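Here the structure is laid out as structure tokens; the discussion comes afterwards.
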Amino acid sequence: MQALASWAMRGLPQAAMLTILLAALSLLIPPASVLSTSVVALVTLRKGTLPGALVWGVATAASGFIALLALGGVNLAIGFLILMWLPAWLVAVVLRSSRSLALAVLAAMVLGFVMLGGQFVESADPVAEWKALLGPFVGSLVDAQLVDSSQQATLVSLMADWMPGVVAAGFFLQLTMSLLLARWWQALLFNPGGFRSEFHQLRLPKWLSMALLLAALLSWTQSQTAVSVPEYVLLLLLAAWFIQGLAVAHGVVGKLGSSRGWLIGVYLLLLFALPHTVIVLATLGITDAWIDFRARLNPRGSGKAG
């Protein structure tokens with residue numbers, strides 16, 4: 001990881017080339033998209049707004065030229081720009097100018113809402129669009145005997161109902177992960193220990209918990225026959241509080257000087273019990289906004305966990 005960051009810091013050509021290569025790799029290995037956007041964010045955080053813009057500008061032009069030759073169009077490069085590089089640059093600009101990780105996370109959440117709204121702008125009925133896209137996929141699962149044919153229509157409908165919110169929340173989480181990774185890279189190279197302290201102190205504003213409560217109340221008043229927009233908003237807000245919940249977990253373990261095994265356990269739970277663990281961490285984050293667990297704890301030992 002540190003080698004990638006060091007290479008990106010050698011200069012604009014290296015950063016742009018690395019951004020393109022990682023984006024291309026993401027077509028085969030989707031998590032590589034986080035690394036690609038993190039390169040853009042890292043250059044922006046360290047060298048400034050203009051150098052960061054030059055990286056995604058050069059990457060867009062070069063990938064567009066390659067896509068034009070190979071695929072006959074530049075849609076792929078435009079997709080990389082709109083969905084990956086430009087959002088990462090924007091939140092990195094916010095973090096660089098404000099030096100507030102919480103404000104940068106809020107900026108990422110705003111872009112998540114833009115993604116949610118964009119689906120309704122692009123299509124009057126995004127759920128119907130998702131049904132059309134998911135139908136063949138679920139059909140392949142039926143053909144592979146992984147899903148019972150009698151459940152096919154129900155599964156397609158259920159997945160499509162939630163997809164607008166899931167896509168928006170997933171976009172927010174990927175963008176936030178890219179920003180956090182870039183900040184960690186920056187700390188590794190230029191400010192050892194800086195990211196640890198910054199992430200441990202992450203606190204989202206209390207009003208965001210009130211917004212979540214309002215979204216929950218509105219969702220309960222909607223028809224139970226279909227997923228509503230307030231429920232999509234609720235997903236996105238839960239994703240934001242999940243990030244704070246992770247920060248609380250890291251902060252508590254770090255302040256108490258406890259073993260890293262506690263954090264490994266948290267991430268294993270995310271791997272094997274994802275929905276339940278996300279809800280628990282989001283609840284922890286919301287509670288911390290009002291109680292501030294980390295401020296109430298007395299440091300113990302000098303452990304570097306977290």
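Any read-out appearing in this document is the output of simple, stated calculations on the displayed coordinates, not a laboratory observation. Just so it is clear, the model here is predicted, and its values are computed rather than measured. Positions of Cβ are generated from backbone atoms using ideal geometry, with glycine treated the same way; all protein chains shown enter the neighbour counts.
Which residue pairs have Cβ atoms closer than 7 Å, lie 6 or more positions apart in sequence or on different chains, and pair a first residue in region 83-110 that is under 20 Å from Leu235 (Cβ atoms) with a second residue that is in a helix (DSSP H, G or I) and of a type in the set (Val, Ile, Thr)?
Listed pairs, sorted by first residue: Val105/Thr176; Val105/Ile243; Ala107/Val91; Ala107/Val94; Ala108/Val91; Ala108/Thr176.
Could you please give the count of residues in region 185-237 that are more than 30 Å from Lys47 (Cβ to Cβ) and not polar (S, T, N, Q)?
Residues in region 185-237 being more than 30 Å from Lys47 (Cβ to Cβ) and not polar (S, T, N, Q): 24 in total.
Please find, among Gln186, Gln244, the residue that is polar (S, T, N, Q), surrounded by 14 or more Cβ atoms within 10 Å (Cβ to Cβ) and under 18 Å from the mean Cα position of the chain (by Cα).
Gln244
In the list Gly135, Gly165, which residue meets the criterion of being in contact with an Asp or Glu (Cβ under 8 Å, 6 or more places away or on another chain) and surrounded by 12 or more Cβ atoms within 10 Å (Cβ to Cβ)?
Of the residues listed, the single one that is in contact with an Asp or Glu (Cβ under 8 Å, 6 or more places away or on another chain) and surrounded by 12 or more Cβ atoms within 10 Å (Cβ to Cβ) is Gly165.
Can you find a residue that is farther than 26 Å from Leu25 by Cα and either crowded, with 17+ Cβ neighbours inside 10 Å or aromatic (Phe, Trp, Tyr) (or both) anywhere in region 58-72?
no
Report yes if some residue within region 84-105 is in a loop (DSSP other than H, G, I, E, B), of a type in the set (Gly, Ala, Ser) and surrounded by 14 or more Cβ atoms within 10 Å (Cβ to Cβ); otherwise report no.
So far as region 84-105 goes, yes, one or more of its residues are in a loop (DSSP other than H, G, I, E, B), of a type in the set (Gly, Ala, Ser) and surrounded by 14 or more Cβ atoms within 10 Å (Cβ to Cβ).
Give me a count of the residues in region 210-241 that are over 25 Å from the mean Cα position of the chain (by Cα) and either on the phi > 0 side of the Ramachandran plot or aromatic (Phe, Trp, Tyr) (or both).
Within region 210-241, residues that are over 25 Å from the mean Cα position of the chain (by Cα) and either on the phi > 0 side of the Ramachandran plot or aromatic (Phe, Trp, Tyr) (or both) number 1.
Which count do you get for residues in region 26-77 that are under 25 Å from Leu189 (Cβ atoms), hydrophobic (A, V, I, L, M, F, W, C) and either in contact with a Cys (Cβ under 9 Å, 6 or more places away or on another chain) or not in a helix (DSSP H, G or I) (or both)?
The number of residues fulfilling the criteria is 1.
Does Ala160 count as in contact with a Lys or Arg (Cβ under 7 Å, 6 or more places away or on another chain), small (Gly, Ala, Ser) and either within 28 Å of Val40 (Cβ to Cβ) or free of Cβ contacts under 8 Å to residues at least 40 places away in the same chain (or both)?
Yes; evaluated as a whole, the condition is true for this residue.
Yes or no, residue by residue, for (1) under 23 Å from Thr283 (Cα atoms); (2) in contact with a Phe, Trp or Tyr (Cβ under 8 Å, 6 or more places away or on another chain); (3) of a type in the set (A, V, I, L, M):
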| position | (1), (2), (3) |
| --- | --- |
| Val147 | no, no, yes |
| Phe195 | no, yes, no |
| Glu198 | yes, no, no |
| Lys206 | yes, yes, no |
| Leu218 | yes, no, yes |
| Thr221 | yes, no, no |
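Filter region 188-211 down to the residues that are part of a helix (DSSP H, G or I) and either closer than 28 Å to Ala128 by Cβ or in contact with a Lys or Arg (Cβ under 9 Å, 6 or more places away or on another chain) (or both) and list them by number.
Within region 188-211, Leu189, Phe190, Gly194, Phe195, Arg196, Glu198, Phe199, His200 meet the criteria.
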